[in-house]
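K.L.:
One structure follows; several queries about it will come next.
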Amino acid sequence: MCEECREKIEYIHQPRCMKCGKPIRNEEEEFCPDCRKRKFSYEQGRSLWLHREPVSRAVYDFKFHNKRIYGDIFAKECVRVYSGTLKKWQIKEIIPVPLHPAKRRRRGYNQAELLADGIGRRMGIPVNAECIYRIKKTIPQKKFDGRARRKNIASAFAIDAEWEPAGNVLIVDDIYTTGSTVEEITKLLKKRGAQKVYFLTISIGQGL
């Protein structure tokens, strides 16, 4: 990452939401407005950067313009910033958010899986890209607001009948906005016996 871009990027520091990690203005508040409105099933989550330029452009290129090499750059930065957090969370398995098979065939890769592989390799944590799969071809979440996103993503995922939880699980994705995707997957994992579920993303939005 060049120094010019590094200076423009907004890393997320305190004060931030104790639940999803979004930045908050008031140091006396524990949770962001989103997490105060809605109870999430996951334990906690963190993201590297706010979803603003130049981050938003880099993530877009990573997803849609075959910039697969960005996955390793993002993974390296995730580990640099959050290796201590991942150890504290005692993560035993990393699970990337899956793409629908049709979308994966068209794109040629799953950006969340590339990111998860880079993090897992550096942290020595196994990655399971097969246990969660998408059974519903959803409309891109960016087209909806919070409530519509939840409806759009409802029942979009399924879990492998043979998956057995190894302990605490980390969900990895490129962007966290309203938490609807992470929530759907968390409920599936916990229903099957996952002890605690956390998430880590490259960037995070600033509210519904």
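K.L.:
What ranking of K22, K37 comes out by heavy-atom accessible area, probe 1.4 Å, highest first?
P.N.:
K37, K22
K.L.:
May I pose another question? Under the rule that a partner needs its Cβ under 4.7 Å from the first Cβ, which Cys of the chain have none?
P.N.:
Cysteines of the chain left without a disulfide-compatible partner: C2, C5, C20, C35, C78, C131.
K.L.:
Along the Cα→Cβ direction, 7 angstrom out, place labels at K187 and R38. What is the inter-label distance in nm?
P.N.:
Distance between the two pseudo-spin positions: 1.1 nm.
K.L.:
Specify the inter-centroid distance of the range 107-123 and the range 90-104, based on alpha-carbon positions, in whole Å.
P.N.:
Centre-to-centre (Cα) distance: 9 Å.
K.L.:
Set the bar at 30 Å for Cα to Cα. Now go through K63/K87; K67/K196; K22/K190 and name every pair that lies beyond it.
P.N.:
Table pairs above 30 Å Cα-Cα are K67/K196.
K.L.:
Got a sec to turn the phi values of the range 37-48 into Karplus ³J(HN,Hα) couplings, 6.51 cos²θ - 1.76 cosθ + 1.60 with θ = phi - 60°, whole Hz, x for Gly and Pro?
P.N.:
With coefficients 6.51, -1.76 and 1.60, one gets 6, 10, 8, 9, 7, 6, 7, 6, x, 9, 9, 6 Hz.
K.L.:
Towards the positive end of the charge dipole of the chain, with charges on Cβ (+1 Lys, Arg; -1 Asp, Glu), say which of G167, A154, T85 has the farthest Cα.
P.N.:
Highest projection toward the positive end goes to A154.
K.L.:
Given Cβ point charges of +1 (Lys, Arg) and -1 (Asp, Glu) and nothing else, what value in debye, to the nearest 20, does the dipole of the chain about its Cα centre take?
P.N.:
That gives a dipole near 760 debye.
K.L.:
Roughly what would the spin-label model give for E30 and K87, points 7 Å off Cα along C-beta, in nm?
P.N.:
Modelled inter-label distance: 2.7 nm.
K.L.:
Right, another one. Please list, in chain and number order, the residues 5+ apart from R16 or on another chain whose amide H is under 5 Å from its amide H, with Hs placed from the backbone.
P.N.:
So R16 has HN proximity to I24.
K.L.:
Can you compute the modelled spin-label distance between K103 and N128, with each label point 7 Å from Cα toward Cβ, in nm?
P.N.:
With each label point 7 Å from Cα toward Cβ, the separation is 2.2 nm.
K.L.:
Then there's this: Just tell me, in residue order, which DSSP H segments of the chain are both 24 angstrom or longer along the helix axis (alpha-carbon based) and at least -0.5 in mean Kyte-Doolittle hydropathy.
P.N.:
Passing helices, by number: 69-89.
K.L.:
Also, I was wondering about something else. How big, in percent, is the set of alpha carbon pairs in the chain lying more than 31 Å apart?
P.N.:
The share of Cα pairs beyond 31 Å in the chain comes to 12 percent.
K.L.:
Would you give the gap between the C-alpha center of the range 167-188 and the C-alpha center of the range 1-45, rounded to a whole Å?
P.N.:
For the range 167-188 versus the range 1-45, the Cα centre distance is 16 Å.
K.L.:
At 222 nm, what value in deg cm²/dmol follows for the chain if DSSP H runs of at least 4 each add -39500 (n - 2.57) and the sum is divided by all its residues, to the nearest 500?
P.N.:
For the chain, the value works out to -11500 deg cm²/dmol.
The values are calculated or read from the model by the stated rules, or taken from the named source; none is laboratory data. Note that the structure is predicted; figures quoted are calculated from it, not measured. All Cβ positions, even for glycine, are placed from backbone atoms using ideal geometry, and neighbour counts span all protein chains on display. When the accessible area is computed, the model is the full protein with side chains, heavy atoms only, and any ligands, DNA or RNA have been set aside. Shrake-Rupley method; radii C 1.70, N 1.55, O 1.52, S 1.80 Å.
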